[in-house]
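Everything below concerns the one structure shown next.
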Amino acid sequence: MKSSDIPGFFAKAEDLNLDDYILLDYYFECVGDPKEASAHLCSEQSTAQWKRVDVDEDFRDEFGAKVLQLEIKDKLNDISYPVQHNAKGDVYACYAKIAHPHRNFGAKLPNLISAVCGEGTFFTPGIPIIKLLDIHFPQSFLAEFEGPKFGISGIREILQVHDRPIFFGVIKPNIGLSPEPFSKIGYQSWLGGLDIAKDDEMLGDMEWSPVSERSKLLGAARKKAESETGRPKIYLANITDEVDRLIELHDTVVKNGANALLVNATPVGLSAARMLRKHTQVPIIAHFPFIASFSRMERYGVHSRVFTKFQRLAGFDSIIMPGFGKRMMTPESEVKANVEACLEEMGNIKPVLPVPGGSDWAGTLKLVYEKVGSIDFGFVPGRGIFGHPMGPAAGAKSINQAWQAISKNIAIEEYAKTHPELQTAIDVFGKN
């Protein structure tokens, strides 16, 4: 790029109509001049060639991405990761805020992602290391999306739970169990006070557990549990599959009594989820397979909160995400950023229920509650309920007993003295 071309990719925010732009926060490491590198970044993801040969025109004004802010954070000895490149020069760690005109892709998730996370971003000359840290949408763009049908308030209304977190449970064993025993332990967990019993994200429509049979048994068990407890319940059926089967599987499980759907958002695709949202009349809940592949490296890829915002756009009502447990290998700040991305104001897009999970049990409920900072979250044990020695009903009771202790400001160890389900959970899971 000629030095005279670089200013065409820079602008001041006050000189733009920001309703026409999506704002992107990038960290990058460049080899050579940071200003030229950031101009290349804008060029590659928008108007890589902004005029025809021998024609007096320039598309950058309307269609070019623009650097609004460039901060050189540090001079480095070398790039953070051994990425092959042929650039030469000093290495700089930089932060850039870029305004990208959304007329370039419109309200289409595949096209949006192709622009801000695609070839133009990750193959920019002179920038071997880059991470999309955050994305911000103007109301003019958000208005083109329907967003969640239910969100937090809708899920709470279905369950008639307004004064505490929503209690999920991952039915275990998750793989290998046939539908009949699977449904029986799901039923027991509902009797114990669980709100939502769910298929594991890896449990699909398998020959040893057909989703048609599984959903029929769990749907009946849910209704029976509702009748016996006097409380609404949700069976969360996993319909993750090939895209051309989603509607068919949706119709089958909903007819059979499933009243929420689990979809592995990234493997299935956000556009497919958006299609499903337009078809369904029950909540859709996202799970996080594949996202860590993009987000785990601190200085490369895409921050997971960007995926959280994409999932809200696609229409998910709740988002299961890596939680605070050490097994999840996710910094606390990142978990909190994802929770905030579920709850923050986002134009006409409803807030969605964050479900930070991973190796939880009754004893971790207080920690999750304190770190989230409100009751607007889902708590999702697996073995903490279904591995409880007294059975799934007792496992679910232990979660409710832990919340009773929290709400009464009593230590769970003290509360457990008169609540054997909670005491057993402490004895078994508290040692891990």
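Taken together, the values in this text are just the output of simple stated rules run on the coordinates, not laboratory data. Predicted model, so just to flag it, every value in this text is computed and none were measured. Here the Cβ is made from the backbone with ideal geometry for all residues, glycine too, and neighbour counts use every protein chain on show.
Computed packing ranks the peptides 67-74, 90-97, 406-413 as 90-97, 67-74, 406-413, most packed first, by mean other Cβ atoms within 10 Å. Provide, in order from the shortest bin, the percent of all Cα-Cα pairs of segment 151-429 in each 5 Å bin, continuing until the bin that contains the maximum pair distance. In whole percents, the pair-distance histogram is 1, 6, 14, 17, 20, 18, 13, 8, 3, 1, 0.
Sorting 277-285, 392-400 by their mean Cβ neighbour count within 10 Å, with the most densely packed peptide first, gives 392-400, 277-285.
Annotation: the residues I349, I426, sorted from fewest to most other C-beta atoms within 10 Å of their own C-beta, follow the order I426, I349.
Convex hull of alpha carbon positions in segment 286-333: directionally averaged projected area 3.4 nm². Membrane-span-like helices in the chain (whole DSSP H runs, Cα extent of at least 24 Å along the helix axis, mean Kyte-Doolittle hydropathy of at least -1.0): 211-229. Evaluated at q = 0.10 Å⁻¹, the base-10 log of the normalised Debye intensity for segment 55-181, with identical point scatterers placed on the Cα atoms, takes the values -0.64. Sorting 10-19, 160-169 by average packing, meaning the other beta carbons within 10 Å per residue, from highest down gives 160-169, 10-19. Of the residues K233, K172, the one with the fewest other Cβ atoms within 10 Å heads the list, and the complete ranking is K172, K233. Largest mean-square fluctuation among K366, K88, K255, in a Gaussian network model of the chain whose springs join Cα atoms under 10 Å apart, belongs to K88.
Annotation for segment 252-308: chymotrypsin sites (Phe, Trp or Tyr not before Pro) lying in DSSP loop with at most 14 further Cβ atoms inside 10 Å of their Cβ are F290. Normalising by the residue count of the chain, find the relative contact order in percent from Cα pairs under 8 Å and 6+ residues apart. Worked out over the chain, it gives 15 percent. The fewest-to-most ranking of W403, W208, W50 by surrounding Cβ atoms within 10 Å reads W208, W50, W403. Roughly how many whole Å is it from the C-alpha centroid of segment 1-59 to that of segment 140-203? After rounding, the separation between the Cα centres reads 45 Å.
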